1. State yes or no: is ALA121 out of contact with any Lys or Arg (no Cβ under 7 Å at 6 or more places or on another chain), within 18 Å of GLY173 (Cβ to Cβ) and assigned to a loop (DSSP other than H, G, I, E, B)?
2. Of everything in the stretch 255-285 that's of a type outside the set (Lys, Arg), open to solvent by 60 Å² or more (accessible area, probe 1.4 Å) and farther than 20 Å from ALA129 by Cβ, which residue is nearest to the chain's Cα centre (by Cα)?
3. Restricting attention to the stretch 215-227, does a residue exist that is among the aliphatic types (A, V, I, L, M) and away from the ligand (no atom under 13 Å from the Cβ)?
4. Going through the stretch 35-58 one residue at a time, which ones are polar (S, T, N, Q), open to solvent by less than 30 Å² (accessible area, probe 1.4 Å) and away from the ligand (no atom under 16 Å from the Cβ)?
5. With the structure loaded, tell me whether LEU144 is assigned to a loop (DSSP other than H, G, I, E, B), over 16 Å from SER166 (Cβ atoms) and more than 10 Å from the chain's Cα centre (by Cα) or whether it fails that test.
6. I'd like to know if the stretch 202-220 contains one or more residues that are closer than 30 Å to ASN19 by Cβ and open to solvent by less than 60 Å² (accessible area, probe 1.4 Å).
7. Could you tell me how many of the residues in the stretch 156-176 are free of Cβ contacts under 8 Å to residues at least 60 places away in the same chain and either open to solvent by 60 Å² or more (accessible area, probe 1.4 Å) or in contact with a Leu (Cβ under 9 Å, 6 or more places away or on another chain) (or both)?
8. Would it be correct to say that ALA22 is closer than 30 Å to PHE182 by Cβ, touching a strand residue (DSSP E or B) at 6+ places or on another chain (Cβ under 6 Å) and in a strand (DSSP E or B)?
Amino acid sequence: MIKITPDVDLQPLHTLGLNARAQALAWLDDRTQLPALLRTAAEYEQVHVLAGGSNIVFHPHVDGLVVAIRTRGIQLVKEDAQAHYVEVEAGECWHDFVQHCLQQGWYGLENLALIPGTVGAAPMQNIGAYGVEVERFVVWVETLDWQTGEIVRLPKAKCAFAYRDSIFKQKRGRWLILKVRFAFPKRWQAVLDYPDLQQAPELGAEITPAAIFQAVCRIRQEKLPDPALLPNAGSFFKNPIVSAQQAAQIRAQWPELRAFPHGPDTLKLAAGWLLDQAGWKGRCVGPVGMHKNQALVLVNHQKGQAAKVDVDRLVTQIQTDMQALFGLQLEQEPVVI
Ligand code: EPU
């Protein structure tokens, strides 16, 4: 059985806190509900999946059925000389899972501490921070294929992982992510590429996963607003990836440009730095604005009142500005439902 609630307020169900309502909402608590969910979903023209709601911009009226995922369970399914293999239900809270891994001695996720959202949402946008992306540990992603009603496991090679991207984001609406299998190599290697992390006082003479976890938590808490206190959806734009030639052109005018190696002959530019230079740090347009400590984070100062139209107005102004100043097209990161 699955309960359907009509006309649901979405404001408390997403971290940006916009004014929005859904035609109908269903909570998926466990797998036994999948047949009922499939039957119900067929009655709606559109079905949308909602996880932690930390990377979403809602339209004021969301037509169709919103399926909110809160399935739970973390299981060590295998251990060999190389790795620990762990399967996790989609509804588990990401940060709690990272902490649990640390306690169990399954290392690797410490750089991804305090990322809001759920385990099922992690592969969707290939969450990443401080030099690590989740794809590094994914073995497969188990999904419900909405078209066929079948449960399908996509091995990592089929997930099309890239910077803040995956097959699940590209073909949104095709699958519902149910479970993820991770492999955590036993030969742990610290990832300390990130300057903020290299200088962290938490890292003593002996670098441990716990010390990295502590450092990442502190750095994030210093820079990034807590959505419970100031609604936001994390980084609002992707860091633009440009050719070495284009980066050189921008650097000719902006010698301090923050750019990081990305692929062969491409660089990733720090959009936060660019926005900061352009004067967007702390600047508002109506009820929304860019955060005072991190110009890449769009914040909502009027929870439950600001709406998508306010976000769009700010985004358009920023994109126009960035095009004029740097010749760059900033791409929005959160998905729109
Ligand atoms: N910077 C400024 N001013 C600002 C913001 C940033 O000068 O207002 C500079 C920083 O000093 C730094 C550089 O720009 O030299 C990069 O900034 P930061 O270290 O804060 O990282 P980011 O590139 O802005 C990305 C991710 C974050 C992730 C951090 C840490 C994207 C879109 N964002 O931000 O992810 O936590 O790196 O790895 O890739 C998210 O996706 O929601 C998110 C928060």
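1. Criteria met by ALA121.
2. This residue is CYS284.
3. Going through the stretch 215-227, the residues among the aliphatic types (A, V, I, L, M) turn out to be 215-216, 219, 224.
If we keep only those that are away from the ligand (no atom under 13 Å from the Cβ) as well, we get none.
Looking for residues that are among the aliphatic types (A, V, I, L, M) and away from the ligand (no atom under 13 Å from the Cβ), one finds none in the stretch 215-227, hence no.
4. So in the stretch 35-58, the residues polar (S, T, N, Q) come out as 40, 46, 54-55.
Still in the list and also open to solvent by less than 30 Å² (accessible area, probe 1.4 Å): 40, 54-55.
Scanning the stretch 35-58 gives a single hit, THR40.
5. Details: assigned to a loop (DSSP other than H, G, I, E, B): no; over 16 Å from SER166 (Cβ atoms): yes; more than 10 Å from the chain's Cα centre (by Cα): yes.
Judged against the criteria, LEU144 is not a match.
6. Yes, there is a match, as at least one residue in the stretch 202-220 is closer than 30 Å to ASN19 by Cβ and open to solvent by less than 60 Å² (accessible area, probe 1.4 Å).
7. Pass one, the stretch 156-176, residues free of Cβ contacts under 8 Å to residues at least 60 places away in the same chain: 156-162, 165-168, 170-171, 174-175.
Filter again for either open to solvent by 60 Å² or more (accessible area, probe 1.4 Å) or in contact with a Leu (Cβ under 9 Å, 6 or more places away or on another chain) (or both), leaving 156-158, 167-168, 170-171, 174-175.
Looking only at that region, the number is 9.
8. Working: closer than 30 Å to PHE182 by Cβ: no; touching a strand residue (DSSP E or B) at 6+ places or on another chain (Cβ under 6 Å): yes; in a strand (DSSP E or B): yes.
In short, no.
The values are calculated or read from the model by the stated rules, or taken from the named source; none is laboratory data. Note that the coordinates shown come from a computational prediction; the quantities given were computed from them, not determined experimentally. Cβ atoms come from the backbone with ideal geometry, glycine included; neighbour counts cover every protein chain shown. All accessible areas refer to the heavy atoms of the entire protein, side chains included, with ligands and DNA or RNA removed. Shrake-Rupley method; radii C 1.70, N 1.55, O 1.52, S 1.80 Å.
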